[in-house]
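See below for the structure under consideration.
The values are calculated or read from the model by the stated rules, or taken from the named source; none is laboratory data. None of the values given here were measured: they were computed from a predicted structure. Cβ atoms come from the backbone with ideal geometry, glycine included; neighbour counts cover every protein chain shown.
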Amino acid sequence: MTNIGSSNMLHRLRRELADDPSLAEWSPNLHAILNSISVPKEQQQQAGQCLADSCARNPIESHVIPDSSLKRLAARNSIITPHLDNSQTGSFEIMTGKTRPVFFGYCDEHEKSLFPWEGTMEFDSPIYPQSQLMRVADAFWREQSLRCTVLRQVIDATGPDGHLERLRLTTAAKKTIEHKRAVWSQAAAEIDRTVRDFETLRRCIRYGMKDADHPEAAAIGSVLIPSSAGHFLLLADAGHVPDFPQLDAAQPAPFVVSLLYGGQGSSLCFASTNAATAVVDRMRWEFSNDPEEAIKYALHWMRHGNFYWYINQEAWLEFDLDLRAKMKLELERGPHVAMALYASGGVAAHPILRWGNRWA
């Protein structure tokens, strides 16, 4: 879901500190310390560097899900997307200009040249789906990089060399802070692992765009969902998948997925490193033979993911109230589960793994 912003993470940290009774006396001071931490816009733009190879131009706000696909879906009905009011209260609202998914990605020139298929949304373009999956991986990598930066700033600011020495904390309060810093450090290490893994996946997708036979090219799958299956959902998300068939959670591979709506129907595409080629091949075969399973898998990411999704209002209203309430709760607290399982029966399971779940 869209609860990935570094500002939302800082808000969650403030709430965690405020809810701890042993820190109540120093709550205003701790909030002031966290309020002093931010990621300036210049840092978000990575010193003004476009993410295209060897390009030093300034990036613009790139759309993770193409505007043309959003407009096609909106033409059928209003679109619902998750939202955090004041970075705290979860809700599901009709999409506005402010809820369109953007990140500082590519310069104006590369925004046009890397995604030439966006105007017509024809999925038979030779550069699709590689360029779309590259964009999802880039957006996820960039956000996680910023998130790790902010979290490490919080750890430093609350450490022995930070601002806390002036507060004269009690022994109990100091132990509480030390425990939280240990938890945050573990989360930062896990997020850093995600950053490294997605740096690898970004590179592998680019290898494949230049040379499909490159030995390190990403494993990519793309499935066209015909018009008869209906069009009600768009998404872009990322996580890890364990190597199949062992389902080894200790050695997962980075994974990106996207569902777009165009003139030929909907397109579900996904990618991982070549270490997970068996996973991607299996999904491609399974979903090509049964488009309904492809839709179920996309809904699985909507339900358990944490990046971007947009759903037709009519389809959203078919979700029962209990499910919507549970999704609202997960939006507010962030996904805490280590694994979310989708299964089409028997051993046909597709887990989603996440590192640094407390902040994912």
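Does at least one position in the stretch 27-49 carry a residue that is among the β-branched types (Val, Ile, Thr), touching a helix residue (DSSP H, G or I) at 6+ places or on another chain (Cβ under 8 Å), modelled with pLDDT of 80 or more and not in a strand (DSSP E or B)? Show your work before the answer.
Kept after step one, since they are among the β-branched types (Val, Ile, Thr), are these residues of the stretch 27-49: 33, 37, 39.
Subset that is touching a helix residue (DSSP H, G or I) at 6+ places or on another chain (Cβ under 8 Å): 33, 37, 39.
When the remaining residues are screened for being modelled with pLDDT of 80 or more, the result is 33.
Add one more test, that the residue is not in a strand (DSSP E or B), and what stays is 33.
Yes, because at least one residue in the stretch 27-49 is among the β-branched types (Val, Ile, Thr), touching a helix residue (DSSP H, G or I) at 6+ places or on another chain (Cβ under 8 Å), modelled with pLDDT of 80 or more and not in a strand (DSSP E or B).
Checked against (1) more than 28 Å from Lys326 (Cα to Cα); (2) of a type outside the set (Phe, Trp, Tyr); (3) modelled with pLDDT of 85 or more, Gly162 meets all criteria but (3). Filter the stretch 206-239 down to residues that are at pLDDT 90 or above and closer than 18 Å to Ala75 by Cα and give me whichever is surrounded by the most Cβ atoms within 10 Å (Cβ to Cβ). Top of the filtered list is Leu234. Assessment of the stretch 294-305 against the conditions (under 15 Å from the mean Cα position of the chain (by Cα), surrounded by 22 or more Cβ atoms within 10 Å (Cβ to Cβ), at pLDDT 85 or above and under 24 Å from Cys204 (Cβ atoms)) yields at least one matching residue.
The set of residues in the stretch 168-180 being crowded, with 18+ Cβ neighbours inside 10 Å and assigned to a helix (DSSP H, G or I) consists of Ala173, Ile177, Lys180.
Rundown of residues vs (1) among the small types (Gly, Ala, Ser); (2) in contact with a helix residue (DSSP H, G or I) (Cβ under 8 Å, 6 or more places away or on another chain), yes/no style:
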position	(1), (2)
Ser145	yes, yes
Ala172	yes, yes
Lys175	no, no
Ala182	yes, no
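Could you list, ordered by first residue, the pairs with Cβ atoms under 9 Å in which the first is in the stretch 98-124 and at pLDDT 90 or above and the second is crowded, with 17+ Cβ neighbours inside 10 Å and among the basic types (Lys, Arg), at least 6 apart or interchain? So the pair list comes out as Tyr106/Arg135; Leu114/Arg135; Phe115/Arg135.
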